[in-house]
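What follows is a single structure, written as structure tokens, with notes after it.
The values are calculated or read from the model by the stated rules, or taken from the named source; none is laboratory data. In this text, all values refer to a predicted model and were calculated from it rather than measured experimentally. Every residue, glycine among them, receives a Cβ derived from its backbone with ideal geometry; neighbour counts consider all protein chains shown. Areas reflect the complete protein model, heavy atoms only, side chains present, ligands, DNA and RNA absent. Shrake-Rupley method; radii C 1.70, N 1.55, O 1.52, S 1.80 Å.
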Number of protein chains: 8
Amino acid sequence: MELSIYLAGEIHSSWRDEIKEKAAALKLPVTFYGPMEDHDRSDNIGEEILGKQHDAVAKDAAASSFNNLRTELLLKKSDLVIALFGEKYKQWNTAMDASTAVALNKPLILIRPHEHHHALKELSRKAHATVETPDQALKALKYIFE
Amino acid sequence: MELSIYLAGEIHSSWRDEIKEKAAALKLPVTFYGPMEDHDRSDNIGEEILGKQHDAVAKDAAASSFNNLRTELLLKKSDLVIALFGEKYKQWNTAMDASTAVALNKPLILIRPHEHHHALKELSRKAHATVETPDQALKALKYIFE
Amino acid sequence: MELSIYLAGEIHSSWRDEIKEKAAALKLPVTFYGPMEDHDRSDNIGEEILGKQHDAVAKDAAASSFNNLRTELLLKKSDLVIALFGEKYKQWNTAMDASTAVALNKPLILIRPHEHHHALKELSRKAHATVETPDQALKALKYIFE
Amino acid sequence: MELSIYLAGEIHSSWRDEIKEKAAALKLPVTFYGPMEDHDRSDNIGEEILGKQHDAVAKDAAASSFNNLRTELLLKKSDLVIALFGEKYKQWNTAMDASTAVALNKPLILIRPHEHHHALKELSRKAHATVETPDQALKALKYIFE
Amino acid sequence: MELSIYLAGEIHSSWRDEIKEKAAALKLPVTFYGPMEDHDRSDNIGEEILGKQHDAVAKDAAASSFNNLRTELLLKKSDLVIALFGEKYKQWNTAMDASTAVALNKPLILIRPHEHHHALKELSRKAHATVETPDQALKALKYIFE
Amino acid sequence: MELSIYLAGEIHSSWRDEIKEKAAALKLPVTFYGPMEDHDRSDNIGEEILGKQHDAVAKDAAASSFNNLRTELLLKKSDLVIALFGEKYKQWNTAMDASTAVALNKPLILIRPHEHHHALKELSRKAHATVETPDQALKALKYIFE
Amino acid sequence: MELSIYLAGEIHSSWRDEIKEKAAALKLPVTFYGPMEDHDRSDNIGEEILGKQHDAVAKDAAASSFNNLRTELLLKKSDLVIALFGEKYKQWNTAMDASTAVALNKPLILIRPHEHHHALKELSRKAHATVETPDQALKALKYIFE
Amino acid sequence: MELSIYLAGEIHSSWRDEIKEKAAALKLPVTFYGPMEDHDRSDNIGEEILGKQHDAVAKDAAASSFNNLRTELLLKKSDLVIALFGEKYKQWNTAMDASTAVALNKPLILIRPHEHHHALKELSRKAHATVETPDQALKALKYIFE
């Protein structure tokens, strides 16, 4: 059995690398998907494809067309979602991708530091599992294959 | 035709009252649902029903059981979701309820002030309509019945 | 049993009145929904609610937010769709609403003049019934209740 | 990850070739499907298989059996739909295939020239992304894989 | 609680009356639907609405448009299907309506005389309950409300 | 808003009465459904309707036809399931009804005494809320309407 | 693209061979499934696995367990169903498998001789295409891949 | 065609080995999934990943997170479920996994000794087939491929 996993979360640290490397070391039959990690590219993709937009709102709408398209396709191809809320927990897209996963009945592993338990309590209760580090998420993933 | 509408959003202002009053004045055949607006009650409902919990995380998990149950039932009974992101836009539950609505194919009207367009750009593109004030949302609602 | 019926089609003639009057005369337990029939209102609703938009494309996008929201809610409330393609058959919205009905497994009665059979052949084959006049559609509707 | 893509649109130009060639040059892991591009074959397939039909309407119904079967199967196998509305925008099948995609929750990229924004405004608002040329659609597709 | 029940089966005897009368006598909160019981009307409805058709096949296709439309709507409105296979068990429509019910996850009570158990063995295994008379079906229905 | 609630659980005590009485006292707009509480009737309903069966297995299969039909219809009509595992927790039907509710995405409140937490741990994690007494379940229900 | 196709129909002639051979000759990327073609095996499989049953009805129920299991799994794995009604058209299982396909939104090609159009009129109207010979069905299949 | 099969049942005997070995000997194109068979590991996985929990209930909840995640993913990947109720039939997880399979429309083969027919009567009636030994289940599986 192979699993496709969408890694939702902030794009400012290398947390995805930790999970990918450990999964590879364990030879887990998994494929990882995620958002565009180049923040500027992600914000500019609308104008990159369609040309300069009228104002910032239009620029954002254009970029969101392509980012939503990408996220939706990758999420649909995924069997499982791992959502990380890191240090700075104001991660809108992560909250929205995680909620979408739950609503679509895709299992969700939530990674959040202990100190942010309050803001994420509702999501945590809906997720299949709540852990505190990428390493713990990886262990949960490994357990599926044992 | 009657519509049931879930009003997702912060519970610190009376924005829901504005919509409910205007809808009533127009005699729109609508029913409104929403979260528990008493913030302390919402946070304490777990311990209120089950008794004192071990620690803050356990207290939150217990409360979330009942709040998630309530939200899910009300969301399921709703035909439409109106989600408001107000002044302080870090509203986790609102983002998650709005994303859930979209994932469940329930039409969504997003209310957000112009200055927060960037953080909400992805959700805005997925919503059926994006407006800036409760009054505009009410106009969109009224238009459905004309 | 009561049926809710969405009448999709051009908004320049009174074809809906014929169906509504005949249904009322027969006391059929039906409710009819349809698009905004005031063409200017339909085109302007975006700017009416949100204010002047940047250009014609933005104006159209804004209006479409509210018209799509309306159509989707009414279509969801409907058990059956009757789509009329009249004299001038270039009716985009009608084609799209009719296709949406079929895709959502909502029964469809297609009304089209004989001379436009070619352009509508694929849709006709997918519809439950193809008739040529509103009166025939009404007879099909009446038959359901006999 | 591999994607299957249905290219809906007129069959009188070679726009599909542009997309296929560029995708191949970029080695994108995609498969393309589309309608029968031989217009006469598409119109005659009913009589080709079943023999001469009674009249033009019957001929069209027979052909539509097989064309609808083909389209439905290919659409079901597709993860994404790209719909092009070209110069002469009166493309019924394209409008219907695009609406079907949206109704079935399959992401849609709409390609339409700027001057036809008005007739396609509702569909544009529902599509994930609206672009103006096949090349832009290809860029959106490429972005998914980056 | 109220239940809507589709009575599928031959239209040559008054078996439906037995069930309806007994249900009424017991004051069960149920509504019954069924096919057009006037056999000639059922066969002729296509030509009645659309006019004389080219040949018998076309006549049948036209009639089936309206009968399928009726059956589908009534079946969709039903919570439960009771399918009777009577003396002459070659009842195509009954077999097809019963299979459709099972495929749509609508509970099915199958009424068939003992001597026809072999031809109906697959359907019987899929139905929720298999009985031999309308009276037994009525008892099963009554049991739901106790 | 009204809610229909299926009370799954053992039929040897009057725990359902406690919930129904308290709900009535609070005037909650709810309707309760449940299994046949007369144990002998439940076991004998197959033979009661169909006559004596060949052996105990056949008798059980016949009874299960009618009990499954009843349970499925009532469960489908329910918005929420409350499942009680009482003193003697070997309650097969309760476990199965509760699991069915979760699989069908119907919210579940699980009532179980503390000492049986181990056997019910998986179900508890999937339920929306786990409480220990019918009174606590009633409080959770009341909270939905506040 | 590969297609899996369920061939529903009588098991007394070699009509499936004709379709399989022609498909192989054309190198169509298809896989064919069908029922157990050994009639005695199909009727006896219940007793073969479970041992002698009490009577003919029990024998049939046991066999149907395994035949329904097989049919359902194969049908689920299929993208398309081809249902043949041959000379003696009293083919219950075929009617039921074909109706199930339609109810599950699986495209259906119906093969029936012209003289049986009346009994199969409703199914014919629901099928994607109606043809008269296996060879025509094969042509429809081939057309999908062109 | 390949089938993925989830083997639900007690983890104290080697009944799964019997099925796997026989399937391998017959070269059936099947893949088997099942729960974590190391009972202690299964109970301790929560603390293994997250660290010591507050009490037994918390320990169970943590373990269930990961076990539910595993079971759900494997069940989703499965086409068929075989559920065994062995000697000691108080197998909660088996009952719940089997019910979940039925609710999700996944075919179910139930293996139970004759003497436990009464407790499992409802599930037996809902399963596609009920057998008494793993060997019989294997025969049913083999029959699908013939």
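Going by what's in this entry, would A:Leu28 be described as touching a Leu at 6+ places or on another chain (Cβ under 7 Å) and either surrounded by 19 or more Cβ atoms within 10 Å (Cβ to Cβ) or not in a helix (DSSP H, G or I) (or both)?
Working: touching a Leu at 6+ places or on another chain (Cβ under 7 Å): yes; either surrounded by 19 or more Cβ atoms within 10 Å (Cβ to Cβ) or not in a helix (DSSP H, G or I) (or both): yes.
It is true that A:Leu28 is touching a Leu at 6+ places or on another chain (Cβ under 7 Å) and either surrounded by 19 or more Cβ atoms within 10 Å (Cβ to Cβ) or not in a helix (DSSP H, G or I) (or both).
If we keep just the residues of the stretch D:38-54 that are open to solvent by 70 Å² or more (accessible area, probe 1.4 Å) and facing another protein chain (nearest Cβ under 8 Å), which is modelled with the highest pLDDT?
Here is the first cut: in the stretch D:38-54, the residues open to solvent by 70 Å² or more (accessible area, probe 1.4 Å) are D:38-40, D:48, D:52, D:54.
Remaining after also requiring facing another protein chain (nearest Cβ under 8 Å): D:48, D:54.
Details: D:Glu48: 98, D:His54: 94.
Out of the qualifying residues, it is D:Glu48.
May I ask you to list the residues in the stretch E:122-146 that are in contact with a Leu (Cβ under 9 Å, 6 or more places away or on another chain), touching a residue at least 24 places away in the same chain (Cβ under 8 Å) and either open to solvent by less than 30 Å² (accessible area, probe 1.4 Å) or farther than 19 Å from E:Glu2 by Cβ (or both)?
E:Leu123, E:Lys126, E:Ala127, E:Pro134, E:Gln136, E:Ala137, E:Leu138, E:Ala140, E:Leu141, E:Ile144, listed by residue number.
Take F:Val57 and decide whether it is over 24 Å from A:Ala127 (Cα atoms) and within 10 Å of chain H (Cβ to nearest Cβ).
Working: over 24 Å from A:Ala127 (Cα atoms): yes; within 10 Å of chain H (Cβ to nearest Cβ): yes.
For F:Val57, the condition - over 24 Å from A:Ala127 (Cα atoms) and within 10 Å of chain H (Cβ to nearest Cβ) - is met.
Based on what the data block shows, is E:Leu110 touching a helix residue (DSSP H, G or I) at 6+ places or on another chain (Cβ under 8 Å), modelled with pLDDT of 95 or more and of a type outside the set (D, E, K, R)? Spell out how you get there, then give the answer.
Numbers: touching a helix residue (DSSP H, G or I) at 6+ places or on another chain (Cβ under 8 Å): yes; modelled with pLDDT of 95 or more: yes; of a type outside the set (D, E, K, R): yes.
Taking the combined requirement at face value, the residue satisfies it.
Condition test on B:Asn93, is it among the polar types (S, T, N, Q), touching a residue at least 60 places away in the same chain (Cβ under 8 Å) and facing another protein chain (nearest Cβ under 10 Å)? Walk me through how you get there before you give the answer.
Numbers: among the polar types (S, T, N, Q): yes; touching a residue at least 60 places away in the same chain (Cβ under 8 Å): yes; facing another protein chain (nearest Cβ under 10 Å): yes.
Considered against the rule, which asks whether it is among the polar types (S, T, N, Q), touching a residue at least 60 places away in the same chain (Cβ under 8 Å) and facing another protein chain (nearest Cβ under 10 Å), B:Asn93 comes out as yes.
Please go through (1) surrounded by fewer than 24 Cβ atoms within 10 Å (Cβ to Cβ); (2) free of Cβ contacts under 8 Å to residues at least 24 places away in the same chain; (3) small (Gly, Ala, Ser) for E:Ala119 and return the number of the only condition it doesn't satisfy.
For E:Ala119, the exception is condition (2).
Taking the condition crowded, with 17+ Cβ neighbours inside 10 Å, touching a strand residue (DSSP E or B) at 6+ places or on another chain (Cβ under 8 Å) and on the phi < 0 side of the Ramachandran plot, does F:Pro35 pass?
Details: crowded, with 17+ Cβ neighbours inside 10 Å: yes; touching a strand residue (DSSP E or B) at 6+ places or on another chain (Cβ under 8 Å): yes; on the phi < 0 side of the Ramachandran plot: yes.
In short, yes.
What number of residues within the stretch E:55-105 satisfy the criterion of being modelled with pLDDT under 95, touching a Phe, Trp or Tyr at 6+ places or on another chain (Cβ under 8 Å) and in a loop (DSSP other than H, G, I, E, B)?
Final tally of qualifying residues: 2.
Quick one: is E:Ala119 at the interface with another protein chain (Cβ under 7 Å from one of its Cβ atoms), over 18 Å from F:Leu75 (Cβ atoms), assigned to a loop (DSSP other than H, G, I, E, B) and in contact with a helix residue (DSSP H, G or I) (Cβ under 8 Å, 6 or more places away or on another chain)? Outline the logic, then answer.
Details: at the interface with another protein chain (Cβ under 7 Å from one of its Cβ atoms): yes; over 18 Å from F:Leu75 (Cβ atoms): yes; assigned to a loop (DSSP other than H, G, I, E, B): yes; in contact with a helix residue (DSSP H, G or I) (Cβ under 8 Å, 6 or more places away or on another chain): yes.
So E:Ala119 fits the description; yes.
Among the residues that make up the stretch H:2-13, is at least one of them under 10 Å from the mean Cα position of the chain (by Cα), of a type in the set (Phe, Trp, Tyr), part of a loop (DSSP other than H, G, I, E, B) and buried (at least 19 other Cβ atoms within 10 Å of the Cβ)? Steps first, please.
From the stretch H:2-13, those under 10 Å from the mean Cα position of the chain (by Cα) are H:5-11; that's our starting set.
Checking which are of a type in the set (Phe, Trp, Tyr) leaves us with H:6.
This time we only want the ones that are part of a loop (DSSP other than H, G, I, E, B), so: none.
Within the stretch H:2-13, not a single residue is under 10 Å from the mean Cα position of the chain (by Cα), of a type in the set (Phe, Trp, Tyr), part of a loop (DSSP other than H, G, I, E, B) and buried (at least 19 other Cβ atoms within 10 Å of the Cβ).
Being over 25 Å from E:Asn93 (Cβ atoms), facing chain D (nearest Cβ under 8 Å) and aliphatic (A, V, I, L, M) is the filter here, so list the residues in the stretch G:125-139 that pass it.
Once the filter is applied, which keeps residues that are over 25 Å from E:Asn93 (Cβ atoms), facing chain D (nearest Cβ under 8 Å) and aliphatic (A, V, I, L, M), the stretch G:125-139 yields nothing.
For the stretch C:106-116: of the residues being in a loop (DSSP other than H, G, I, E, B) and under 15 Å from the mean Cα position of the chain (by Cα), which is nearest to C:Phe85 (Cα to Cα)?
Only one residue fits best here, namely C:Arg112.
Quick one: which residue in C:Asn105, C:Asn67 is open to solvent by 20 Å² or more (accessible area, probe 1.4 Å) and at the interface with another protein chain (Cβ under 8 Å from one of its Cβ atoms)? Full working, then the answer.
Working: C:Asn67 fails: open to solvent by 20 Å² or more (accessible area, probe 1.4 Å).
None of the other options fit; the residue is C:Asn105.
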